[in-house]
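Heads up: the structure comes next, in structure tokens.
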Amino acid sequence: MSRRIELGLEGGGVLLLTVGDSDVAALRGALGGAGFHDVASEEGEHAVDLGKVVYLRVLPGEVTGRIGFSGA
């Protein structure tokens, strides 16, 4: 199941990602640690500096599809 998360970063930046449940659990487990943590998302691969993360918000509900326009 895919979930949307927000990572609040020191300085006010926010990273909005679509990740799997296991990635949410792994990130929660890594918070409070030091160094970088790799996060695989639908938007790409991200190396997150755990010392700069201010908050993690897991948005409610499952991501089932996207709304938008295609080039076809």
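Bear in mind these aren't lab numbers, they're just calculated from the coordinates by the rules spelled out. Only a predicted model underlies this, so the values are computations on that prediction, with no experimental measurement involved. So basically every Cβ, Gly included, is an ideal-geometry build from the backbone, and we count neighbours across all protein chains shown.
I'd like the full set of residues that are surrounded by 13 or more Cβ atoms within 10 Å (Cβ to Cβ), among the small types (Gly, Ala, Ser) and over 11 Å from the mean Cα position of the chain (by Cα), limited to the stretch 27-66.
Scanning the stretch 27-66 gives a single hit, Ala30.
Would you mention how many residues in the stretch 3-24 are within 11 Å of the chain's Cα centre (by Cα) and either surrounded by 15 or more Cβ atoms within 10 Å (Cβ to Cβ) or free of Cβ contacts under 8 Å to residues at least 40 places away in the same chain (or both)?
15
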